[in-house]
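These notes are about the structure you will find just below.
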Protein chains: 2
Amino acid sequence: MAPTSETLTAERILEATEEVLRRHGPAKATVVDVARALGVSHGSVYRHFRTKAALREAVTKRWLDRSSEALAGIAAADRDPEDRLRDWARGLFEAKRRKAGDDPELFATYSVLVGENGTVVGDHLDDLTGQLTRIVRDGMAAGVFAAGDPATAAGAFFQATACFHDPCHAARWRRPGIDEEFEAVVELLVRGLRGSRRPV
Amino acid sequence: MAPTSETLTAERILEATEEVLRRHGPAKATVVDVARALGVSHGSVYRHFRTKAALREAVTKRWLDRSSEALAGIAAADRDPEDRLRDWARGLFEAKRRKAGDDPELFATYSVLVGENGTVVGDHLDDLTGQLTRIVRDGMAAGVFAAGDPATAAGAFFQATACFHDPCHAARWRRPGIDEEFEAVVELLVRGLRGSRRPV
């Protein structure tokens, strides 16, 4: 139990919520469990998050943001767009694989929460494809990638790498050969972005 | 109940098994249910399929083969490899979407069976990527696609289109815009196969 003398911040509540979810699972975790873990009344928790649903949504957003924040730096860097694209895709795969592998119970918990929180997940996916669009747009402007609609191309790139970031494929992320498969897919997509008209 | 005078063939047993699975679900369906539906003894069924597991495996294989047989014709046709590739990918997406949409209960049933029958599924995936490899190899030989290892390129193409054939993405196959997304992914991949060195 954490000392009650610390100021009760939203961040502290979210940390405790994650721990409670890990311990009890998403079906059983309650706001009372969270308050107990913090040594406060459940009313104190409700002053920060008005409903249990709002608390679950916030903790899901925090979990998803952890992946996208690191990637935002890669997307915004002043570097060769093709290198950024490869690093970004690799960064996303590594982050998801680490989450799935290091703490499978928490990953399973968040997979349930993600299914409940459509808006939060939609925002997260918009954020990620927005980052990708920025890289692709820079590449098109630099002439590294063929001209086209950056958002469409970025969306296609994101979908085409789903095997390496969508949790429904997580069981295969530790399989031998998966890194070579990842490289082959990214290579094919990068070549596609460079573009080529059909040889005449 | 089917008339018992008909010869009891493996195919008739598999048809009845599919119907029993649809009605009872994969958890409850038994060999006795199948025998009853055919109006025969369960011993007669066991003469064709030695165990319940063998019967479930055979019915899963039959279900998966239904998709791949139609595609085999596209892969082997004497036509432009790029057109064949597009038609093949579209054919696979359409077949999976039809299966998922027309009979969601049977699709869910087979999703369970597919999880049980690793070897059958592995053979099915080998069959599909083998078909793709044939198209890619033809395209490389014709100079339509850039030189490379056809099997690696075909495997990457298959993984990069998982959003449109892996059952874990089935919930999104009726979403508005999905056909445009499919086209954008295939376009990007086809360009990647045509290949291009980085512009200097």
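Considering B:ALA27, B:ALA37, the condition of being modelled with pLDDT of 90 or more, farther than 30 Å from B:PHE158 by Cα and not assigned by TED's automatic domain parsing to the domain that holds B:THR129 is satisfied by B:ALA37 alone.
Do we have A:GLY73 as at pLDDT below 95 and outside the structural domain of A:ARG22 (by TED's automatic domain parsing) here? Break it down into steps so the answer makes sense when it comes.
On the way: at pLDDT below 95: yes; outside the structural domain of A:ARG22 (by TED's automatic domain parsing): yes.
When the stated conditions are applied, A:GLY73 passes them.
Annotation: of all residues in the stretch B:181-200 being in a loop (DSSP other than H, G, I, E, B) and either crowded, with 23+ Cβ neighbours inside 10 Å or at the interface with chain A (Cβ under 7 Å from one of its Cβ atoms) (or both), the one that is nearest to the chain's Cα centre (by Cα) is B:GLY195. The set of residues from the stretch A:52-75 being of a type in the set (Lys, Arg) and more than 15 Å from the chain's Cα centre (by Cα) comprises A:LYS52, A:ARG56.
Pull up the stretch A:123-160, narrow it to residues that are charged (D, E, K, R) and away from chain B (no Cβ under 12 Å), then point me to the one that is surrounded by the most Cβ atoms within 10 Å (Cβ to Cβ). The selected residue is A:ASP138. Identify all residues within the stretch A:107-122 that are farther than 22 Å from A:CYS163 by Cβ and surrounded by 15 or more Cβ atoms within 10 Å (Cβ to Cβ); write none if there are none. Correct list: A:THR109, A:LEU113, A:ASN117, A:VAL120. Taking first residues from the stretch A:159-180 that are under 16 Å from B:PHE158 (Cα atoms) and partners that are of a type in the set (S, T, N, Q) and surrounded by 13 or more Cβ atoms within 10 Å (Cβ to Cβ), the Cβ contacts under 7 Å between residues at least 6 apart in sequence or on separate chains come to A:CYS163/B:GLN159. The condition of being hydrophobic (A, V, I, L, M, F, W, C) and modelled with pLDDT of 90 or more holds for only one of B:LEU113, B:LEU106, B:LEU132, that being B:LEU132.
Please enumerate the residues belonging to the stretch A:161-180 that are of a type outside the set (Gly, Ala, Ser), crowded, with 20+ Cβ neighbours inside 10 Å, part of a helix (DSSP H, G or I) and facing another protein chain (nearest Cβ under 8 Å). Walk me through how you get there before you give the answer.
Taking the stretch A:161-180 first, the residues of a type outside the set (Gly, Ala, Ser) are A:161, A:163-169, A:172-176, A:178-180.
Next, from what is left, pick out any that are crowded, with 20+ Cβ neighbours inside 10 Å: A:161, A:163-164, A:173.
This time we only want the ones that are part of a helix (DSSP H, G or I), so: A:163-164.
Passing the criteria: only A:CYS163.
Residues in the stretch A:32-60 that are of a type outside the set (Phe, Trp, Tyr), farther than 16 Å from A:THR109 by Cβ and buried (at least 17 other Cβ atoms within 10 Å of the Cβ): A:ALA35, A:LEU38, A:VAL40, A:VAL45. Considering A:ASP83, A:ASP78, A:ASP33, the condition of being farther than 25 Å from A:THR161 by Cβ and more than 18 Å from the chain's Cα centre (by Cα) is satisfied by A:ASP33 alone. The set of residues from the stretch A:74-98 being of a type outside the set (A, V, I, L, M), out of contact with any Leu (no Cβ under 8 Å at 6 or more places or on another chain) and without any contact (Cβ under 8 Å) to a residue 40 or more places away in the chain comprises A:ASP78, A:ARG79, A:ASP83, A:ASP87, A:GLU94, A:ARG98. Taking the listed residues A:LEU55, A:LEU92, the one that is over 24 Å from A:GLY139 (Cα atoms) and either aliphatic (A, V, I, L, M) or out of contact with any strand residue (DSSP E or B) (no Cβ under 7 Å at 6 or more places or on another chain) (or both) is A:LEU55, with no other qualifying.
The values are calculated or read from the model by the stated rules, or taken from the named source; none is laboratory data. These numbers were taken from a predicted model, which means no experiment stands behind them. Counting neighbours? That spans all protein chains shown, and the Cβs are built from the backbone with ideal geometry, glycine included.
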